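S.K.: For reference, the structure I am asking about is given below.
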Amino acid sequence: MTNHLTAPRLTLALALVTLASGLSLEAAATPIYAIRAGNACDTCHMEPSGWANPDLKDRLCSMDCNGCHVNPSGGGMRTSLGLHYGRQVLPTWGERPSEHYDPEKYRPEGHPKKGRYRITEGFSGWWPGDTPFKTIDERYGDVDPDPSFRVGGDFRFMNLYNITDDEAAFFPMQADVYLMGKPLDKVTMYASAGLRGYKERPDDLEAIDYFISREAFIKAGQFDYNSYVRAGRFNPSYGWRLPNHTAYTRRDLGFGENRQVFGMEAGINPNYLYANVAGFAQGLEGWPGDDEPFGYGSTFNVGWRDLGWQVGGSLHYLNRLEDGNDNDDVTTGVNWGFNLYPAVYLGEVDARFTLTDGENVTSLFAYHELNWLVLRGWSLKGSYEWQDQNIDILDDHSHRVSLGGDWHPYTYTHIEALYRRTWAGGAYPITELTDAQADEVLAILHAWF
């Protein structure tokens, strides 16, 4: 078991606060990290000097959320690779895994010392050797490379100031704990549990209503071509799973933090092709935190992830059986990203077609983000979002611009500050908009292990 924080007291304290008045949100994946990780060899593990280059079918490396998280669709507990990245690359200060290994130990004489990638120069600085990476126990430093059991967690507080209404609020966003066990070499059991708060508490709340369990699945994986299959409760895979759960391409598109399903998923994820397909049902009455309407559906994702760029496509089908009526949603989109180190640019566009007995509605969504790594632990970012909930209705669309930054001051800590302005309706392009719907300033404090 790898546990680098003395978490029980912190967990209890945050849990009590969250129970009183919080909002439980899941720790989503951060695709910016996955894209940027391709800039060097020693981001996800020690410098692979002298390491053998495995055949494609045996590779576990991927510029993907699946590399850093136990969950194939990202978010939640970090893997050993994710713990190494989070402790080695992200913080400004703190103990790093590199203090516990010496890559020179395996470097053959005459081999270069450090591999790196730049989109204008290509890859250089690494030659393969003969040492299989799985025989190097310290490849992640003091992080256990293959634990049979692990505990993790995420805790977040937010301060939100609405400039337009001159209102401020400070509240706990998240208090989630994750458990992972490996009863067999290639079999993983995973579950997450958190506390759920209510802004306005109904009178008939019971103790179980404060508890939420978003994910609970069993996964068999790390087969040829990094293939896997899992069954249970999980987030449906679609597009970029952004850490901003309020993004138009997440919450408004139907993939918010509380959208989980019950089903099966299978996929492959080697260098560089990836693909996965899932079939599911949703809306299980009595499951802690499940508020989704009953229905069934499927997802399909396919794409290519390279060191300098990524592109993918997603397809999602959902039949919502509400009040005896069939309501079909078909959603499709394209997402992409570029590793322009020290900058990363990613984007996504989606279309949703809602088919009902009385009306067919087409909705459009878009997201763009530019993130610039300024110094170790510091990054600046800006994003632009757009949505049109019904293309047949004039001026029902909205735009949002966000500017801010992230700082990881010390190991296991993260501070985010963000200003965002939202416009509703009006003309396009955004330079012609005059009436702001909302101006907000957000600050988020995050601790994890």
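Readers should treat all values here as calculations from the given coordinates under stated rules, not as data from a laboratory. Predicted model, so just to flag it, every value in this text is computed and none were measured. Reconstructed Cβ throughout: ideal geometry from the backbone, glycine too, with neighbour counts over all protein chains shown.
S.K.: So if R0 is 25 Å, what FRET efficiency would Trp93 and Trp127 give, r being the distance between their Cβ atoms, rounded to the nearest 0.05?
M.R.: In this case the efficiency is close to 0.15.
S.K.: Given Cα positions, please report Rg to Rh for segment 308-449, the hydrodynamic radius being the Kirkwood one.
M.R.: Result: Rg/Rh = 1.05.
S.K.: With θ set to phi - 60°, apply the Karplus curve 6.51 cos²θ - 1.76 cosθ + 1.60 along segment 282-289 and write out the HN-Hα couplings as whole Hz, x wherever there is a Gly or Pro.
M.R.: 9, x, 8, 5, x, 6, x, x
S.K.: Let me ask another. With all pairs of different alpha carbon atoms counted, what Kirkwood hydrodynamic radius in Å does the chain show? The partial results should precede the final answer.
M.R.: Working: mean 1/r = 0.0433 Å⁻¹.
Across the chain, the inverse of the average 1/r is 23.1 Å.
S.K.: Further, regarding this structure: If each residue of separation counts as 0.36 nm, what is the full-extension length gain between Leu56 and Asp328 once their alpha-carbon separation is subtracted? Please list the in-between numbers first.
M.R.: Numbers: separation 272, 0.36 × 272 = 97.92 nm, distance 3.92 nm.
Gain on extension, Leu56 to Asp328, equals 94.0 nm.
S.K.: With just the Cα atoms defining each centre, how far is segment 191-268 from segment 41-109? Give it in Å.
M.R.: 25 Å
S.K.: Here's something else I'd like to know. Mean residue ellipticity at 222 nm from the helices of the chain, using -39,500 (n - 2.57) per DSSP H segment of n ≥ 4 over the full residue count, to the nearest 500 deg cm²/dmol?
M.R.: Taking each H run of at least 4 residues, the total per residue is -2000 deg cm²/dmol.
S.K.: Follow-up question, since we're still on this one. Kirkwood Rh over alpha-carbon pairs of segment 168-240, then Stokes-Einstein at 37 °C and 0.692 mPa s: what D in µm² s⁻¹, rounded to an integer?
M.R.: Estimated diffusion coefficient is 218 µm²/s.
S.K.: Most exposed first by the Cβ proxy, i.e. fewest other Cβ within 10 Å, how do His408, His69, His100 rank? Write out the running numbers ahead of the final one.
M.R.: Numbers: His408 23, His69 26, His100 13.
Ascending Cβ contact count within 10 Å gives the list His100, His408, His69.
S.K.: Further question on the same structure: Order 88-99, 120-131 from most to least packed using the mean count of other Cβ atoms within 10 Å.
M.R.: 88-99, 120-131
S.K.: By how many nm would the segment from Asp204 to Leu394 lengthen if fully extended, with 0.36 nm per residue of separation less the alpha-carbon distance?
M.R.: Working: separation 190, 0.36 × 190 = 68.40 nm, distance 4.15 nm.
Here the segment from Asp204 to Leu394 would lengthen by 64.2 nm.
S.K.: Within the chain, how many Lys pairs sit with Cα atoms under 22 Å apart, leaving out pairs fewer than 8 places apart on the same chain?
M.R.: Qualifying lysine pairs in the chain: 13.
S.K.: Taking the Cα centre of the chain as origin, work out the dipole magnitude from +1 charges on Lys and Arg Cβ and -1 charges on Asp and Glu Cβ, in debye rounded to 20.
M.R.: 1920 debye
S.K.: Let's test this: bin the Cα-Cα distances of segment 186-306 at 10 Å from zero up to the farthest pair and state each bin's percent.
M.R.: Final binned percentages: 12, 37, 36, 12, 3, 0.
S.K.: What is the sum of charges, Lys and Arg at +1 and Asp and Glu at -1, for the other residues whose Cβ falls under 13 Å from the Cβ of Asn226? Don't skip to the answer; put the middle values down first.
M.R.: Details: positive: Lys57, Arg59, Lys186, Lys219, Arg305; negative: Asp55, Asp58, Asp64, Asp224.
It works out to a net charge of +1.
S.K.: Taking the Cα-to-Cβ direction at Thr43 and at Glu359 and moving 7 Å from each Cα, how far apart do the two end points lie in nm?
M.R.: Using points 7 Å along Cα→Cβ, the separation is 4.5 nm.
S.K.: Oh, and also: Compute the long axis of helix 8-21 from its Cα atoms, compare it with the longest principal axis of the Cα atoms of the chain, and write down the angle in degrees, 0 to 90, nearest 10.
M.R.: The helix 8-21 is inclined about 10 degrees to the chain.
S.K.: What translational diffusion coefficient, in µm²/s and rounded to a whole number, does the Stokes-Einstein relation yield for segment 33-149 at 37 °C and a viscosity of 0.692 mPa s, taking the hydrodynamic radius as the Kirkwood radius over Cα pairs?
M.R.: Rounded to a whole number, D works out at 221 µm²/s.
S.K.: What full-extension length gain, to one decimal in nm, is calculated for Lys113 and Val441 as 0.36 nm per residue of separation minus the Cα-Cα distance? Show your work: numbers first, answer last.
M.R.: Details: separation 328, 0.36 × 328 = 118.08 nm, distance 4.42 nm.
Taking Lys113 through Val441 to full extension adds about 113.7 nm, to one decimal.
S.K.: How high is the FRET efficiency from Asp224 to Ile163, r the C-beta distance, R0 51 Å, rounded to 0.05?
M.R.: Calculated transfer efficiency: 0.40.
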